[in-house]
Amino acid sequence: SRLSAHLGPGGRILIVANRLPVTAKRDPVKKWEFPSSSGGLVSALQGVKDEELMFVGWPGVSVTDDDDQTFIKNELFKKRCVPVFLNEELMDQYYSGYCNNILWPLFHYLGLPQGHKVNKTKDFKSQLKAYTEANQMFADTVCGISKEGDIIWCHDYHLMLLPKLLKQFNTNMKVGWFLHTPFPSSEVYQALPNRKELLQAVLEADLVGFHTYEYARHFVSACTSLLGLEGRLGGIEFKERIVKVDAFPIGIDAQHFKESLDRDAVKVKITDFESVFAGRKVMLGVDRLDMIKGLLQKLLAYEKFLEENKGWESEVVLVQIAVPTRTDVPEYQELKSQVHEMVGRVNGKFGTFKTYPIIYLDQTVEFEALCALYAITDVALITSLRDGMNLVSYEYVACQESNKGVLILSEFAGAAQSLGAGAIIVNPWNIAEVANAIKCALDMPSGERERRHRHNYEIVSAHTAQDWAENYVWELTNAVIKAPLGTGE
Ligand code: GDG
């Protein structure tokens, strides 16, 4: 494969991420099964030979029994996955706590650590302790399996201490770290109590990657202002060496989406949907039910559009898929009720005995149905308040070759950097602007739709997930490892 061309003899790519691409699950008779979960990362790594790839991560379930652990370990090994068994308490403090309650909102400009809950200082301490412990468990697992010639690719905000822990074990390890979320302005990042510790740990990597130049620049300025280091986009001087810092915008496997439209299972769905929505324009939203996706703002804008454009209520439908996520976190439960209230209000106000303006699902849909929805809808409405990239926008474009649907995209999604010229770019906080964009998209003449789609389609097909992985790995293998002075090199 193109990717493996960058590896030395016998070398492998170890992908370390919080979550493995498979889940360990018990079926109704308590037998273990291991369904694969697909995602951006997995498809990006298609084309890498099996023997050159290993995944390290949490298998989706807390297992404490030794025999179960051994069984799962052996089964997962056949799928080139190595589990890190984090127990429930640790997952609660590390994953739900430090990762998703502190770093996630901070990195998306949606809340400072502890924020209004200043009495939670105690929690911060124990959550940070759990984060450190979990990162150490990932490091131990990686060190247990790594061999000379391997490169270690660490993913996301869950594992910011990992580069340092790995280099402590072996300075010569090739270690990269990539962030899938935004990296915020240093004015925001500096609120984090242990702000220096995380930066210093990430800087132990040989390559630090982000989706956009803006995020990379923010990281560099956090390092220069908070650590007093010399640096610019491209590299930061840290401990007698230059750490490479750059943008690596992710993509999708556009061909895979395009080809899926020719499959019978997808064609059946397309026919189904076409008859369900016959005679109406269809707008689509596909988001995890997360505050960063701006679902409330989207619904407010849609409501405003319907209020100001009488007659449209029976001519248009918004299909909103709200994929369940982090369902045990109170903030997410609250968001869900608020979204339900809004959907009920809009349907109640603008519905008739025959039609509702919103079809809302708190469910994951199957890949076939998702592709069919991408293909038949007239408008995609993406209103993220912040979003590292947003792959849904890419996938929508990939499936719109015959329809030439209009993409309405938030300026706060990383994807706005690449799809800006073809999409209608909006500020999701400006409800009137989004309402106007909806009107404009629904009325857009076919010539303009065609022109805008063409632009986006070229970008989505030219910058694939495979290119992303290949560029990153190429840069990482070429990153020079220079031992710190005084270690005898
Ligand atoms: C994070 C960052 C960054 C969604 N619903 C269904 C479904 N999906 C799939 C989509 C897409 C993926 O999930 C969602 O990816 P996004 O990029 O849109 O958003 P996040 O989940 O927030 O991802 C984001 C990304 O990491 C990669 O770096 O772009 O900014 O937040 O692939 O297709 N798939 C199926 N049914 C669904 O109902 N089968």
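Values for this structure:
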| read-out | value |
| --- | --- |
| Residue in segment 12-22 that is surrounded by 15 or more Cβ atoms within 10 Å (Cβ to Cβ), more than 24 Å from Y131 (Cβ to Cβ) and out of contact with any Cys (no Cβ under 8 Å at 6 or more places or on another chain) present | yes |
| Exclusive hit being modelled with pLDDT under 95 and of a type in the set (A, V, I, L, M, F, W, C), set V16, V22 | V22 |
| Among the residues listed as V82, V29, V48, the single one being in contact (Cβ under 8 Å) with a residue 24 or more places away in the chain, farther than 20 Å from L198 by Cβ and in a loop (DSSP other than H, G, I, E, B) | V48 |
| Those residues of segment 106-119 which are at positive phi and at pLDDT 95 or above, in sequence order | Y109 |
| Some residue of segment 286-296 being modelled with pLDDT of 95 or more, in a loop (DSSP other than H, G, I, E, B), of a type in the set (D, E) and within 16 Å of the ligand (Cβ to nearest atom) | yes |
| Restricting segment 249-267 to residues that are near the ligand (Cβ under 10 Å from one of its atoms) and of a type in the set (A, V, I, L, M, F, W, C), the residue that is nearest to E366 (Cα to Cα) | F257 |
| Test: K439 is more than 16 Å from the ligand (Cβ to nearest atom) and part of a helix (DSSP H, G or I) | yes |
| Close pairs (6 angstrom Cβ cut-off, 6 or more residues apart or separate chains): in contact (Cβ under 8 Å) with a residue 40 or more places away in the chain in segment 444-471, part of a helix (DSSP H, G or I) and of a type in the set (F, W, Y) anywhere | V460/Y394 |
| Single match in V323, V317, V365 (criterion: under 30 Å from Y457 (Cα atoms), crowded, with 18+ Cβ neighbours inside 10 Å and of a type in the set (A, V, I, L, M, F, W, C)) | V317 |
| Helices (runs of 4 or more DSSP H) within segment 317-436 that include 2 or more residues within 15 Å of the ligand (Cβ to nearest atom), in contact (Cβ under 8 Å) with a residue 24 or more places away in the chain and of a type in the set (A, V, I, L, M, F, W, C) | 367-376, 391-398 |
| The one condition in (1) within 27 Å of the chain's Cα centre (by Cα); (2) part of a helix (DSSP H, G or I); (3) not charged (D, E, K, R) that F55 fails to fulfil | (2) |
| Qualifying residues in segment 5-42 (those that are among the aliphatic types (A, V, I, L, M) and over 14 Å from P59 (Cβ atoms)) - the one farthest from the chain's Cα centre (by Cα) | V29 |
| Filter result for V460 (in a helix (DSSP H, G or I), at pLDDT below 95 and surrounded by 18 or more Cβ atoms within 10 Å (Cβ to Cβ)) | no |
| Flag for L103 being at pLDDT below 95 and within 30 Å of T383 (Cα to Cα) | no |
| Among (1) away from the ligand (no atom under 16 Å from the Cβ); (2) in contact with an Asp or Glu (Cβ under 6 Å, 6 or more places away or on another chain); (3) not hydrophobic (A, V, I, L, M, F, W, C) - the single one N309 does not satisfy | (2) |
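Residues checked against (1) more than 16 Å from the ligand (Cβ to nearest atom); (2) of a type in the set (D, E):
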{"position": "L166", "(1), (2)": "yes, no"}
{"position": "N170", "(1), (2)": "yes, no"}
{"position": "S186", "(1), (2)": "yes, no"}
{"position": "A191", "(1), (2)": "yes, no"}
{"position": "E204", "(1), (2)": "yes, yes"}
{"position": "L207", "(1), (2)": "yes, no"}
{"position": "F210", "(1), (2)": "no, no"}
{"position": "E214", "(1), (2)": "no, yes"}
{"position": "A222", "(1), (2)": "yes, no"}
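The values are calculated or read from the model by the stated rules, or taken from the named source; none is laboratory data. Model, not experiment: these values are computed from the prediction. Counting neighbours? That spans all protein chains shown, and the Cβs are built from the backbone with ideal geometry, glycine included.
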